[in-house]
Amino acid sequence: MTLEEPGDALRIEVRRGNPDDVELAAAIAVVAAAYRQEEQGAVAAEPARRSAWSLSQRGLRQPLRRDAGWGGFSG
């Protein structure tokens, strides 16, 4: 059975077997309940808002390498 839901229309296609109306209604109820439960649990977190001050700051530089000497190269 496949479900497609473009907008408000719902299309159900039974690919195997021959379910009667009660079996089909039970399958629709189970799938709809699972869909609603998943939809309620799938809440995206709000993106963290950064202040203009934090956006304009650059990252900390790497500490100086004392073993590199005056030339800036170590090898």
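The values are calculated or read from the model by the stated rules, or taken from the named source; none is laboratory data. Computed from a predicted structure; not experimentally measured. No Cβ is skipped: glycine too gets one built from the backbone with ideal geometry, and neighbour counts run over all protein chains shown. Quick note on the areas: whole protein, heavy atoms, side chains included, nothing else; ligands and nucleic acids left out. Shrake-Rupley method; radii C 1.70, N 1.55, O 1.52, S 1.80 Å.
Brief remarks follow.
- Which listed residue is open to solvent by 90 Å² or more (accessible area, probe 1.4 Å), assigned to a loop (DSSP other than H, G, I, E, B) and either at pLDDT 80 or above or touching a helix residue (DSSP H, G or I) at 6+ places or on another chain (Cβ under 9 Å) (or both), from Arg58, Arg36, Arg16: Arg16
- Hey, Pro63 open to solvent by 70 Å² or more (accessible area, probe 1.4 Å), in a loop (DSSP other than H, G, I, E, B), at pLDDT below 75 and at negative phi or not: no
- Of all residue pairs spaced 6 or more apart or on separate chains, those with beta-carbon atoms under 9 Å, a first member in segment 3-22 that is closer than 20 Å to Ala34 by Cβ and a second member that is at pLDDT 65 or above and assigned to a loop (DSSP other than H, G, I, E, B) are Leu3/Leu10; Glu4/Leu10.
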